[in-house]
Amino acid sequence: MDETTPVTIAFASPPLLLAAALVAGGLLGCLHFASLGVVTRDYAQGRAGRAVLLQAARMAVMVGGLFALARLGAGPLLAAALGLLAARTLVLHMAEGAR
């Protein structure tokens with residue numbers, strides 16, 4: 001198997017795989033966008049070192065998660081992207097309500 005061949009999961013039906021990818025994207029998105037507030041507060045309070053480390057961790061988790069989903073194929077990656085966008089909307093809505 002070369003690096004461009006998608007990984008197949010024999011025990012998962014395609015709809016189940018897409019649903020799992022949607023949930024995984026939503027969880028990744030919630031973690032990613034919710035932690036953005038912590039990074040922003042750290043920068044505002046002069047804790048730039050901690051903010052940079054957290055930002056790097058946020059990016060590493062997102063890249064790793066999306067890479068793993070991309071290895072499953074285009075369908076799961078697109079489902080995860082939809083979950084990510086839904087999570088972004090949810091986190092922004094919650095942040096606006098907190099003001």
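Every number here is computed from the coordinates shown, using simple stated rules; none is lab data. Just so we're clear, the structure is a prediction, and the values are computed from it rather than from any experiment. Counting neighbours? That spans all protein chains shown, and the Cβs are built from the backbone with ideal geometry, glycine included.
Below, the figures for the structure above:
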item	result
Distance (nanometres) between label positions extended 7 Å along Cα→Cβ at LEU16 and THR89	2.8 nm
Within a Gaussian network of the chain (alpha carbon springs, distance under 10 Å), most fluctuating of ALA12, ALA68, ALA51	ALA12
Dipole of region 15-98, positive end: most advanced residue of GLY29, THR40, LEU82 [Cβ charges, Cα centre]	THR40
At most 13 other Cβ within 10 Å, DSSP loop - chymotrypsin sites (Phe, Trp or Tyr not before Pro), the chain	PHE11
On Cα atoms only, tilt of 14-44 relative to the major axis of the chain in degrees	20 degrees
Most mobile of LEU84, LEU72, LEU28 in a GNM of the chain (Cα contacts under 10 Å)	LEU72
Unit charges on C-beta of K, R, D, E only; dipole of the chain, Debye	400 debye
Cα-based Rg and Dmax for region 15-98, where Dmax is the largest Cα-Cα distance (Å)	14.2, 47
Candidates GLY46, GLY37, GLY26, ranked by Gaussian network fluctuation over the chain, Cα under 10 Å, top entry	GLY46
